[in-house]
Amino acid sequence: MLKECVKAGYPRKAFFYHTIICLLLLGCQNGESVEKEIERLGRNTIPSEAKMIRNIEVDRKQHSVHAVWEFQLERNWKEYLRWVEGNLEQYKTAGTGSSQATFRRFLPADVYHLEIQNVSTSLLHIRVRFSAFPR
């Protein structure tokens with residue numbers, strides 16, 4: 001892209017300044033949208049009858065955001081998985097198993113990774129882990 005801009009007569013400095021400003025603006029919007037995404041995922045992964053074990057905890061790093069939450073359910077894994085897949089239309093299933101499912105969402109600048117795991121053999125004890133990081 002730089003080569004095309006130079007050919008078109010744009011100075012290199014102007015191209016770089018414009019790129020940096022765009023990245024800064026995207027970064028500011030991205031932080032807010034990640035927070036909203038975590039809130040939305042909480043609503044879409046925690047059924048109304050769930051008993052919370054661990055409320056949503058968000059951990060911001062320099063280039064990523066991570067969140068985790070846990071709850072218990074009276075449902076079985078297959079019922080819960082069917083319910084949650086219906087609530088995650090914007091995510092693609094990356095893999096499912098007898099006690100774990102992974103979903104991904106690809107944005108222009110970021111990747112959202114969602115891992116849902118049943119961590120108990122007796123009750124349905126669900127741990128949800130979310131990560132957002134640059135592509």
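FYI, it's all coordinate maths here, none of it is from the lab. Bear in mind that the values here come from a model prediction, so they are computed numbers and not experimental data. In this analysis, Cβ positions are derived from the backbone assuming ideal geometry, glycine residues included, and neighbour counts consider all displayed protein chains.
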*Which net charge results for the neighbourhood of Glu49, defined as the other residues with beta-carbon distances under 10 angstrom from its beta-carbon, given Lys and Arg at +1 and Asp and Glu at -1?*
+1
*Just how large is the dipole of region 23-135 about the Cα centre, in debye to the nearest 20, putting +1 at every Lys and Arg Cβ and -1 at every Asp and Glu Cβ?*
200 debye
*Derived scalar couplings ³J(HN,Hα) [region 38-51; Karplus, 6.51 cos²θ - 1.76 cosθ + 1.60; whole Hz; x for Gly, Pro]*: 5, 4, 5, 5, x, 5, 8, 10, 10, x, 4, 8, 5, 9
_Just to check I understand the Karplus step: with θ = phi - 60° and J = 6.51 cos²θ - 1.76 cosθ + 1.60, what whole-Hz values come out for region 53-62, glycine and proline as x?_
9, 9, 5, 4, 10, 10, 10, 9, 10, 4
*Which order do Glu74, Glu37, Glu85 fall in if you start with the one that has the fewest other Cβ atoms within 10 Å?*
Glu74, Glu85, Glu37
*Apply 1/(1 + (r/R0)^6) to the Cβ-Cβ distance of Ser120 and Gln90, taking R0 = 41 Å, and write down the FRET efficiency to the nearest 0.05.*
0.90
*How high is the FRET efficiency between Lys61 and Trp83 when r is their beta carbon distance and R₀ equals 25 Å, given to the nearest 0.05?*
0.20
_Can you compute the modelled spin-label distance between Val68 and Glu39, with each label point 7 Å from Cα toward Cβ, in nm?_
2.4 nm
